[in-house]
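Undergrad: Have a look at the structure that comes next, please.
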Protein chains: 2
Amino acid sequence: MPSYTAPVKDMMFLFDKLRDNKNYNELEKYNDVSSELVKDILEEAAKINQNLILPLAKIGDEHPAVLENGIVRTPPGYKEAYKKYIEDGWTSLSCDPKYGGQGMPRTVSAFFDEMISSASLAFKLYSELTLGAYNCIHHHASDEIKDKYLPKMVEGKWSGTMCLTEPICGTDLGLLKTKAVEQPDGTYKLTGQKIFITSGDHDLTENIIHLVIARATDSPKGTKGISLFLVPKFILKDDGTIGPRNGISTGSIETKMGIKGSATCVLNFDDATGIMIGPKNKGLSQMFTMMNLERIVVGIQGLGISEIAYQNSLSYAKERKQGKSNNSKSQNGNADSIIEHADIKRTLLNMKSIIEGERALCFWLSQQTEVSLNHNDQKIRQEASDMVSLMTPVVKSLYSDLGMEITSDAMQIHGGYGYTKDQGIEQLYRDNRITPIYEGTNSVQAADLVFRKLSNKNGNIVNRFLDMVKAESEGKNGKVKSFSKELGHYLEILYKFSDWIIDKNKFEKDDVSAAANDYLKALGYVSIAYSWIKVLDVSFNDYEANKDFYTDKINTAKFYFEKVLPRAEYHYKSAISGSSNIMKFNFI
Amino acid sequence: MPSYTAPVKDMMFLFDKLRDNKNYNELEKYNDVSSELVKDILEEAAKINQNLILPLAKIGDEHPAVLENGIVRTPPGYKEAYKKYIEDGWTSLSCDPKYGGQGMPRTVSAFFDEMISSASLAFKLYSELTLGAYNCIHHHASDEIKDKYLPKMVEGKWSGTMCLTEPICGTDLGLLKTKAVEQPDGTYKLTGQKIFITSGDHDLTENIIHLVIARATDSPKGTKGISLFLVPKFILKDDGTIGPRNGISTGSIETKMGIKGSATCVLNFDDATGIMIGPKNKGLSQMFTMMNLERIVVGIQGLGISEIAYQNSLSYAKERKQGKSNNSKSQNGNADSIIEHADIKRTLLNMKSIIEGERALCFWLSQQTEVSLNHNDQKIRQEASDMVSLMTPVVKSLYSDLGMEITSDAMQIHGGYGYTKDQGIEQLYRDNRITPIYEGTNSVQAADLVFRKLSNKNGNIVNRFLDMVKAESEGKNGKVKSFSKELGHYLEILYKFSDWIIDKNKFEKDDVSAAANDYLKALGYVSIAYSWIKVLDVSFNDYEANKDFYTDKINTAKFYFEKVLPRAEYHYKSAISGSSNIMKFNFI
């Protein structure tokens, strides 16, 4: 089993030194969230993840969730762990105090998301979708519904799902067939089949609140006829307690490559009673409130799995002796620890420079997210929202893809022991492999970025982002300057690349589609470099206060700028050769 | 279960049109290997792989090899299939007719290796190591031993293994502890433990011939004290028939991420009787005869798995309807096949351009291998051998890594259906994941390339290779010229990169170690481009004879030059920033 120590030190560094968003710091509701409080929370979070949740990963892999006589059973130990987990209040961390939540900002809850992704992604998923459903209900439903459903969800006694996919539609939800027939009492009866439903059924909670998209009988075809419904596993009685079973059954659960502890269900809705949430035929945009926050969390999952893969690679590299390094001092036929080999050091630094850069970028994004949701000034909210919307597909795709690179490198460091089950490294690789797929495949994210996020009714969002990065980077003094200059080179590339995309979008959309993944990656690598500039600035200015810590940061950043950031240029070069040759290709 | 159609057409194209090595064509022993004969062989090979072997992949994954009461049982159906497989003579394809083989050149047997890797890698491994052991015995053992062991191995009634790794040594074989004590009759008694032994035990053959490296009691420490021994599972009687069981037992078999049908064994040698092969203390170099050929085959495994992943992605992309493409003509809310989307087309062409380029490069390498082994002129043999030795780590590493890229892209095209077990795509991804690890991890290959292969006692091998590529590429006329010019740009980079490596190798070995993987990849992408130049030359010259086929080749090559080859430059740029920052890094 892999070991894990939550990176509380790095998280507190970000919280203490990189909380630099003026608008975020103006949010009154977070005035009380002090550094001491956050440190206490993270230390408690570290304990539960390291001690209680980490062992569930291997158990879930060896004893997957099963469907027995129509009932889904989670792996051994999940129930007991979940009970403790909700008793300690971890589901409610970022929820509204009005419904029993602790009201912590995303700057804190994102750290928790990372930790639990490191410990056990499969276990995490049982509460993750509850938070997604919570956010959607909190944002779109009436007070009556909120009062009825949210407290139990915040408490973790009830869980939630997002029911979108059907056999013939995943990406293209306009094709969906699930029907909703209005009843005299204003409720709806839903009939149809939903697939790939994470935590669609399980034995951890008393009730499951499904958020389902479906088409009312009098709604138009396509995406403009989709409404959102709340469909509980057990219908509530008038007093809010649990009543009769609703018309929902579990058809089967998927056998998957990884995250085997998580139940991925086929759900059959058969005249199931549902309540419409928000306005009719606007279901897709409501669902996307939830989806967008979820997508960032999927990126964080990739980060969390990368972190545990790195930690175990590092300790194995220190321990395993093999071969002599170029500067070996070992005698008598003894071998050196493999960490003495330049290539292994390079691989470890590649992991570390990506992980710490991602964490810093994510912390910046958490601040933006809070501003976009909570600032008093509508204009400031909108500007932050544009940044969040730009970065959402980037974080989802890049972090999940780099999670594959990092877990793969962890296997290589472990050699044959990485491919066998004993050390649990191959499980990290299998578990992470879902992240580039679910919540919209990474290519769908890239299409979203280039066709909807770069430039929209609010203007040229990406140039606004690049201008901000440029101004901030060039405004740094002293030793940061050489890094700013290097970043400047890649910013120029990205300006050109963005102009190319926006221009091609007018007449050569296929060029844009074919370039989308490359563009996303180039933007992502530059965004991570932007975070490193922030980190470097603190590291140089604050150097004397904590020399070892900051030396580590500075050298890690150097690696990122020398060895990782150059990838952005290849993506540009590959993309701008266009698509005419691709589109005319006749596959036989 | 994935479907598979062997790419006989592309293979015959190579055999008919790219058999351009003058020295190979001078080899008298292959005078009779006509195009008609090869076509017949490949068509029969296609049948057995498509019909008999392909279904074993899924069976092996669901019913892994098991160890029961000390005996390894292969998955259901393996025994029957293996019987048919050896009856039809497939193990003997490339073996010496003197021992019952069919004497086919590697230009043909490599095609078979690719097909069976597509069909079932786990099943393939049971005979693959027999061929490795055959090659080693054939090359190094006395006539007496050859006469005694080879006919049964060629027939497939006995199989073979390579026993190198021990718990404390994988890459660094100098650390090995297995002891060999000489007996009065000249045989040895071997004692020690070997791990990760592919096909170390199983129920498919009557006997298993282990080739084991061990240290004689009076041999020095380190790699200079290693000898090679033939240690059969059952000791032979004087008449060559099977006698008593030798002192070898199976301690356990590994539970692995993939290739579950293949038994990976811990073997305990306990006073096991062995015969020394070749001169004492020269075991490692003898073993490397076998290892080098094996490494090329591992590259071919990656190619084979890539091919089946591509075929299934292509058919799924034609069938699955989702979303509207940029140029959609579909009406009434219907969706387009996903192959209409530019990004999916791009992904498919990425696969195809890599696969066909790899196959062509491999065909070139097969010709070189035959020349290196069989030409009458020692100088010509040596030159070919240098090319083979240069390309071995490149093919092993690049093809196995790109196999991961291609099987991963296949999963993305399949979306959620790629992550669940039904379609068998995730199995391709898991099965291929061993190829970057075994027979020396890809980083070990890269170190081998930069420290031993680039430049050695025979001179600057890589410059000789680059000069050859340059002369050939620049010598092409007509429409190939624009491609040659593009390749010229990357050749210049590679000349610089090679000089940088050779120079750094004098005083800054860590720079070389840290750059090794990047260098291998840059050389590999350029080598594949070289193969595409050959293919393009035929395609333009022969265009009128087969327009559709050659149009396909030309457009696929264009994609490779526009979208894949630029990666070489990123690898150069990333590498030459050196390693001083890496080496001084203090991991805490």
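Undergrad: Compute the long axis of helix B:78-87 from its Cα atoms, compare it with the longest principal axis of the Cα atoms of chain B, and write down the angle in degrees, 0 to 90, nearest 10.
TA: With both axes taken from Cα atoms, the answer is about 90 degrees.
Undergrad: Roughly how many debye, to the nearest 20, is the charge dipole of the protein assembly as shown about its Cα centre, given +1 on each Lys and Arg Cβ, -1 on each Asp and Glu Cβ, and no other charges? Walk me through the numbers before you get to the answer.
TA: Working: 142 positive and 150 negative charges, 208 e Å.
The dipole of the protein assembly as shown has a size of about 1000 debye.
Undergrad: May I ask for the equivalent-ellipsoid semi-axes of segment A:290-365, computed as the square root of five times each C-alpha gyration tensor eigenvalue and listed largest first in whole Å? Display every interim value, and only then the final one.
TA: On the way: eigenvalues 261, 24, 9 Å².
Rounded to whole Å, the semi-axes are 36, 11, 7.
Undergrad: Can you tell me which aspartates and glutamates have their Cα less than 20 Å from the Cα of B:Lys329? Leave out same-chain residues fewer than eight positions away.
TA: Candidates past the 8-residue exclusion: A:Asp172, A:Glu508, A:Asp510, A:Asp511, B:Glu319, B:Glu340, B:Asp343.
Undergrad: Could you tell me the relative contact order of chain A? Use alpha-carbon pairs under 8 Å, at least six residues apart, and round to a whole percent.
TA: 13 percent
Undergrad: Here's a follow-up. Taking the Cα centre of the protein assembly as shown as the origin and placing charges on Cβ (Lys, Arg +1; Asp, Glu -1), which of A:Asn246, B:Ala514, B:Val444 is farthest toward the positive end of the dipole?
TA: B:Ala514
Undergrad: Which whole-Hz ³J(HN,Hα) couplings does segment B:497-510 yield from phi under the Karplus relation 6.51 cos²θ - 1.76 cosθ + 1.60, θ = phi - 60°, glycine and proline marked x?
TA: Per-residue couplings from phi come out as 4, 5, 4, 4, 5, 5, 5, 5, 4, 6, 10, 10, 4, 5 Hz.
Undergrad: Still on this model: Tell me, what HN-Hα J-couplings in whole Hz come from the Karplus equation 6.51 cos²θ - 1.76 cosθ + 1.60 at θ = phi - 60° for each residue of segment A:230-246, using x for Gly and Pro?
TA: Result, rounded to whole Hz: 9, 10, x, 4, 10, 5, 7, 6, 4, 7, x, 8, 6, x, x, 5, 7.
Undergrad: For A:Gly70, go 7 angstrom from Cα along the Cα-to-Cβ vector, then report the distances to that same point in the other copies in nm, smallest first.
TA: Label-point separations across copies, in nm and ascending: 5.2.
Undergrad: Going through segment B:493-588, which trypsin sites (Lys or Arg not before Pro) have at most 14 other Cβ atoms within 10 Å and a DSSP loop state?
TA: Working: sites: B:Lys496, B:Lys504, B:Lys506, B:Lys509, B:Lys521, B:Lys534, B:Lys547, B:Lys553, B:Lys558, B:Lys563, B:Arg567, B:Lys573, B:Lys584; in loops: B:Lys584.
Those that pass, being in a loop and sparsely packed, are B:Lys584.
Undergrad: Testing the spin-label approximation: label points 7 Å from Cα along Cα→Cβ at A:Phe507 and A:Glu492. State their distance in nm.
TA: A separation of 2.8 nm, rounded to one decimal place.
Undergrad: Still on this structure, please answer the following. If amide H atoms are built 1.01 Å from N in the plane of the peptide, which residues on other chains or at least 5 residues away come under 5 Å of the amide H of B:His202?
TA: Amide H neighbours of B:His202, under 5 Å, 5+ apart: B:Val72.
Undergrad: Report Rg(Cα)/(2.2 N^0.38 Å) for the protein assembly as shown, keeping two decimals.
TA: On the way: Rg = 30.5 Å, N = 1176, 2.2 N^0.38 = 32.3 Å.
Here the answer is 0.94, to two decimals.
Undergrad: Points 7 angstrom from Cα along the Cβ direction at A:Glu28 and A:Asp88: gap in nanometres?
TA: Inter-label distance under the simple model: 3.4 nm.
Undergrad: Here is a further query. Which residue of chain B is nearest the rotation axis onto chain A, counting by its Cβ, and what is the distance in whole Å?
TA: B:Tyr570, 2
Undergrad: What gaps in nm, shortest first, separate B:Ile380 from its twins in the other copies when you place the label 7 Å past Cα toward the beta carbon?
TA: Counterpart label points of B:Ile380 in the remaining copies fall at 8.1 nm.
Undergrad: Within segment B:278-331, list the trypsin sites (Lys or Arg not before Pro) lying in a DSSP loop whose Cβ has at most 13 other Cβ atoms in a 10 Å radius. Don't skip to the answer; put the middle values down first.
TA: Numbers: sites: B:Lys280, B:Lys282, B:Arg295, B:Lys318, B:Arg320, B:Lys321, B:Lys324, B:Lys329; in loops: B:Lys280, B:Lys282, B:Arg320, B:Lys324, B:Lys329.
Answer by residue number: B:Lys329.
Undergrad: Related question: Among rounded, prolate and oblate, which fits segment B:159-281 when a ≥ b ≥ c are the square roots of the eigenvalues of its C-alpha gyration tensor, a/c under 1.5 means rounded, and a/b larger than b/c means prolate?
TA: oblate
Undergrad: May I ask you to derive the FRET efficiency for B:Val181 and B:Asp239 from their Cβ-Cβ distance with R0 = 25 Å, giving the value to the nearest 0.05?
TA: On the way: r = 27 Å, r/R0 = 1.08.
Computed FRET efficiency for B:Val181 and B:Asp239 comes out at 0.40.
Undergrad: A further question follows. Pick out, from B:Leu402, B:Tyr490, B:Asn268, the residue whose Cα sits farthest towards the positive end of the charge dipole of chain B, with +1 on the Cβ of Lys and Arg and -1 on the Cβ of Asp and Glu.
TA: B:Tyr490
Undergrad: In debye to the nearest 20, how big a dipole does segment B:115-253 give about its Cα centre with +1 on each Lys and Arg Cβ and -1 on each Asp and Glu Cβ?
TA: Numbers: 15 positive and 15 negative charges, 77 e Å.
So the magnitude is around 360 debye.
Undergrad: Which loop GluC sites (Glu not before Pro) in segment A:291-321, with loop taken from DSSP, have no more than 11 other Cβ atoms within 10 angstrom of their Cβ?
TA: Details: sites: A:Glu294, A:Glu307, A:Glu319; in loops: none.
Nothing satisfies the criteria.
Undergrad: Zone of A:Asp218 (label point 7 Å along Cα→Cβ, backbone N under 15 Å): which residues in segment A:176-203?
TA: Residues A:180-189 fall inside that zone.
Undergrad: Tell me the label-point distance for the pair A:Glu44, A:Asn477, using the 7 Å Cα-to-Cβ offset, in nm and rounded to one decimal.
TA: For A:Glu44 paired with A:Asn477, the spin-label model returns 4.2 nm.
Undergrad: Which of the pairs A:Lys58/A:Lys256; A:Lys584/B:Lys318; A:Lys563/B:Lys558 have their Cα atoms more than 18 Å apart in this structure?
TA: On the way: A:Lys58/A:Lys256 15 Å; A:Lys584/B:Lys318 15 Å; A:Lys563/B:Lys558 28 Å.
Beyond 18 Å: A:Lys563/B:Lys558.
Undergrad: In Å, what is the Rg of the alpha-carbon atoms in chain B, and how long is Dmax?
TA: When restricted to the Cα atoms of chain B, Rg and Dmax are 24.2, 88 Å.
Undergrad: Still on this model: Determine the dipole magnitude for chain B: charges of +1 sit on the beta-carbon of Lys and Arg, -1 on that of Asp and Glu, nothing else is charged, the reference point is the Cα centre, and the result goes in debye to the nearest 20. Write out the running numbers ahead of the final one.
TA: Details: 71 positive and 75 negative charges, 220 e Å.
Once rounded to the nearest 20, the dipole reads 1060 debye.
Undergrad: Rg and Dmax in Å for segment A:38-100, alpha carbons only: what are they?
TA: 14.4, 46
Undergrad: Tell me which of A:Ser285, A:Ile208, A:Ser366 sits at the most positive position along the dipole axis of chain A, charges placed on C-beta atoms (Lys, Arg +1; Asp, Glu -1).
TA: The residue sitting most towards the positive pole is A:Ser285.
Undergrad: Here's a follow-up. Inter-copy label distances at B:Glu44, 7 Å along the Cα→beta-carbon direction, one decimal in nm, shortest first?
TA: Between copies, matching label points for B:Glu44 lie 7.4 nm apart.
Undergrad: Also: How many percent of the alpha carbon pairs in segment B:8-152 exceed a separation of 26 Å?
TA: Values: 3529 of 10440 pairs.
Every Cα pair in segment B:8-152 considered, those over 26 Å come to 34 percent.
Undergrad: From the P(r) of segment B:89-168, could you give the percentage of C-alpha pairs in the tail past 18 Å? Mind dumping the intermediate values first?
TA: Working: 1319 of 3160 pairs.
Of the Cα pairs, 42 percent sit more than 18 Å apart.
Undergrad: If amide hydrogens are placed 1.01 Å from N in the peptide plane, which non-local residues have theirs closer than 5 Å to the one on A:Ile277?
TA: Counting only residues 5 or more places away or on other chains, the set is A:Leu228, A:Phe229, A:Leu230.
Undergrad: Right, next: Provide A:Ile59, A:Ile208 in ascending order of the number of other Cβ atoms located within 10 Å of each residue's Cβ, fewest first. Numbers along the way, then the final one.
TA: Details: A:Ile59 21, A:Ile208 25.
Ordered by Cβ neighbours within 10 Å, fewest first: A:Ile59, A:Ile208.
Undergrad: Here is a further query. Over the Cα atoms of segment B:442-582, each weighted equally, I'd like the Debye log10 I(q)/I(0) at q = 0.11, 0.20 Å⁻¹, rounded to two decimals.
TA: -0.45, -1.11
No value in this document is a laboratory result; all are computed from the given coordinates. Quantities reported herein were computed from a predicted structural model and do not represent experimental measurements. When we count neighbours, we look across all protein chains shown, and the Cβ atoms used for this are built from the backbone with ideal geometry, even at glycine.
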